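Notes for the one structure printed next.
The values are calculated or read from the model by the stated rules, or taken from the named source; none is laboratory data. As the structure is a prediction and not an experimental result, all values here were calculated from the model. Positions of Cβ are backbone-derived with ideal geometry, glycine not excepted, and every protein chain shown enters the neighbour counts. For the accessible areas, the whole protein counts, side chains as well, though only heavy atoms, and no ligand, DNA or RNA atoms are used. Shrake-Rupley method; radii C 1.70, N 1.55, O 1.52, S 1.80 Å.
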Amino acid sequence: MKMLEVHRFYPGVALVVTELGSVLLGVPTDAFKATKHYCTNAGLPFPRILVTPNKMLINAAPQFNPEFFLYDFLFIYGAAFKPELAGQRLQLVLDEQQVLEVKRALQITLSGPSLEELQSYQDNHGNQIVDNATATFLSNVAMHMAIQKDGKPRSLDDMLDIRTFDRKGTVNLLNGELTLERKSENNFTVKRGRKSEHVDLSVRSRVIPYATLPIPSTVQRPLKFGVKPLGTRSGFDLSGPSTGFIIWVDGKACIYDGPVGTRYLLESQGIACDDISMIVLSHCHEDHMGAFVELVLSGHRPKVFTTEPIYRSALIKLSSYFRMSQERVAEYIDYHRVTPGEPFDALGATFELFYTVHAIPAVGIKVRYLGSGNRQQLVISGDTLHHEGLLELQQKGIITRDKCTEMLELVPRSKNNGALFFCDVGESIIHGHPSDWSDNPNQVLYYHCPDNAHTRSFGRELATPGKAIELIENAPMIRSAPPRLMVALSFLDITDPQWLNRFLEHSQTIEYTTNEILVRAGDPISQFLCVVVNGLLEADGHTSDTPITIRPGEFYGFLEHVDPQGKSTATIRALCPSELIEVPTSILTEYIDYFGLSELLPFIETIRPVVDATPLFRSLKIGERNLLSRQASQESYAQGAVIVPQGSSDNFFYLLVDGAVSVYKEEKKITDIYSKTNSSYFGISAALKPGQPRTTSIRAASNVKLVRLPAQTIRSLFDEEMGIHYELTRTLDSRLVALSK
């Protein structure tokens, strides 16, 4: 009897299993490790056919990332070197319009940019960015390390078999035995003979990454100068998160690479994403940039420091996820070009990047900090080749003697008491080896490696994921409470330092342990506004179907999770060691009375449910949503009423609370917009292009209720919050397509 099973073991993934093989529907960024673990434990065939959903990003996570499935196919399964597998290919099932962009993204991760591409990069003045010597070095190393066939780098077409959906969204697989029909963005029907299964890949809640970190035992505070590995494993190692570090300088954070789910990993440690001031991207292999999309879309437009070849490669990958041109993707990144070997100052320290010897352009990092006369240095090697391989490349003339010496002496041979070195000892053909630094006198931690007896046998300490290392003793000046309080109360316009000092002077700071209950549903909480300074809370109550996360800079009490009688509507507990500041509501009441804001709070309470129900704004903090609510006004229209006439210069953005509206061009209806949908808003053009006459009119298709917001407010959010930037751009694009038809 013909077999057809569907296994759902991870969000956004479905494994279809037959006796002929298996097919994976949906390949989100974290799918490789989750699939490998599940197939191994369940004794199921590992999939060699990967199918893309139509929606490429969900909650800032890519939903089709076949990179490590290809590496596994080539190097673990052995298709790159076993003669008996020479005719086999990894099969990808894509939309026709995805083929070129997916192939380009995979190519850039396999071999990096070509010599011609490297030499073609120009700045705004037409000057060549990558000098010829560097371009030659990078391309020569990539060519030498590439998978070879007949003495030349193997082509992508020799590794992949790409199939495409037909116009009906159908494709036949496994020699025609299995039929897939794509019904919508994330829904499929799988058929084999008379058997049929429905598959829904929708992701409705936040995804916990496959590999996580242990919860810390104490509150994690910003450091004067220190480092905390978020992950120290490779993309193949199932025992923990892949590579990434948080580097603290004067209480501000630099992320050097990031494992999948970096935001979750940070928050589970009690660290606020708001503390990330800069990102350094070492290279574009997915076990290092797995969180890059999330870091780009999860908050303010991030400052990204890297070199031109790595930045250009990142744009290629991001464009395949965003389904946008590289030029438009660049709008989301505040890119700072770095020339390797040239130090630059940031966050109060001196940073320097250097090219490593890797299969694609990659950089390591050096950070030097001088504090209280105490000079300390942190060095992270980045992915780089083992010493034996470096000497071999020098002998072959692929790298210079100077480059070979630089990498061999990355950790100096003499003792440096003011330095800490993290060294890649991943042990494959493109990584370091544990023997490289086994007899070095300096403080060296091994990373990008498994924690096993073999690695430990070389006598070095292995970097511990989640373990913070303080390089310079923390100073009392590193205090999180004032900025967190300012964020929480931003909707009250607290700019007077004297009032802020009064709040702090009359407040108290309290620490809570993991899973400790702060308040239970029904307990009185009207006396204090409680702001999270460091840590993470969860509010579980009858007002929400799912628990609500309370992050640093957010609060409960005084509007949040409190009923008219001053009692808590939720049970609130600490998800990790947390620090809170309790502000007496009597001081807040005094402030509100002094500035005549007493009518403001009831109005905010009325509008907030509308703002909270709009997916566009869910990434905003409580204070920011309160500020939006403060600026809003409510309106109602009868069916048939013209809400916004064509040709007007109306400068407002509208949230559709109830009912439906129609968009007209002249007298032709273009599209309808409904309440209770993900894009139940209009007025995007007015917000993004202020002052320009509207080219369409908006009419009430039923009796409607609206909330109106100033267009300039939305414009500011569009410029500052990249998640909102992405959603508004996507919605506007889809409506422009409808208009063009």
Expressed in square angstrom to the nearest 10, the accessible area of ARG551 with a 1.4 Å probe stands at 50 Å²
Listed by chain and number, the residues whose amide H is under 5 Å from that of GLY426, excluding neighbours fewer than 5 places away on the same chain and using placed H, are GLY432
Sorted by chain and then number, the residues having a modelled amide H within less than 5 Å of the amide H of HIS448, at least 5 places away or on another chain, are ARG233
Across all Cα atoms of region 7-62, Rg and the largest Cα-Cα distance (Dmax), in Å, are 11.1, 35
Which residues qualify? For ASN703, with a placed amide H closer than 5 Å and at least 5 residues away or on another chain, they are GLN639
Partner aspartates and glutamates whose C-alpha sits under 15 Å from that of LYS415, ignoring same-chain residues fewer than 8 away, are ASP439
Counting all Cα-Cα pairs in region 354-423, those more than 19 Å apart amount in percent to 39 percent
From the Cα centre of region 33-76 to that of region 432-465, the distance in Å is 30 Å
SASA check, GLU727, accessible area w/ 1.4 Å probe, all protein chains in place, rounded to nearest 10 Å², comes out at 60 Å²
Reduced to Cα centres, the span from region 550-610 to region 190-209 in Å works out to 40 Å
Helix-only [θ] at 222 nm, the chain, -39500 (n - 2.57) per DSSP H run of 4+, per residue, nearest 500, equals -7500 deg cm²/dmol
accessible surface per residue for region 39-175, probe 1.4 Å, DNA/RNA/ligands not counted, whole Å² -> 47 Å²
Diffing region 695-701: the Karplus 3J(HN,Hα) column from phi (6.51, -1.76, 1.60, θ = phi - 60°), in whole Hz with x for Gly and Pro, holds 8, 9, 10, 10, 10, 6, 7
Using alpha-carbon positions, the gyration tensor of region 121-212 gives root eigenvalues a ≥ b ≥ c; with a/c under 1.5 called rounded, otherwise prolate if a/b exceeds b/c, else oblate, the class is prolate
Once the in-chain neighbours fewer than 8 apart are removed, the lysines whose Cα is under 22 Å from LYS665 read LYS689, LYS741
Honestly the chain on the Cα gyration tensor test (a ≥ b ≥ c root eigenvalues; a/c under 1.5 rounded, otherwise a/b vs b/c for prolate or oblate) is just oblate
Once Lys and Arg are counted +1 and Asp and Glu -1 for all other residues with Cβ under 11 Å from that of TYR654, the total becomes 0
Expressed in Å to one decimal, the Kirkwood Rh of region 534-594 from all distinct alpha-carbon pairs is 12.7 Å
To the nearest 20 debye, the chain has a Cα-centred charge dipole, built from +1 on Lys and Arg Cβ and -1 on Asp and Glu Cβ, of 1620 debye
Taking every other residue with Cβ under 9 Å from the Cβ of LYS224 and scoring Lys and Arg +1, Asp and Glu -1, one gets -3
Between the residues TYR446, TYR38, GLY640, the Cα farthest towards the positive end of the dipole of the chain, that dipole coming from +1 and -1 charges on the beta-carbon of Lys, Arg, Asp and Glu, is from GLY640
Ignoring ligands and nucleic acids, ARG263 exposes an accessible area, probe 1.4 Å, in Å² to the nearest 10, of 40 Å²
Sorting SER578, SER740 on solvent-accessible surface, 1.4 Å probe, most exposed first, gives SER740, SER578
Note to self: C-alpha centroids of region 323-389 and region 651-717 sit apart, in Å, by 44 Å
By the C-alpha gyration tensor axes a ≥ b ≥ c (rounded if a/c is under 1.5, else prolate when a/b exceeds b/c, else oblate), the shape of region 578-624 is oblate
With a 19 Å threshold on alpha-carbon distance, the violating pairs from LYS317/LYS621; LYS152/LYS403; LYS82/LYS152; LYS676/LYS705; LYS33/LYS191; LYS228/LYS317 are LYS317/LYS621; LYS152/LYS403; LYS33/LYS191; LYS228/LYS317
With ARG502 itself left out, Lys, Arg at +1 and Asp, Glu at -1 over residues whose Cβ is under 10 Å from its Cβ give -3
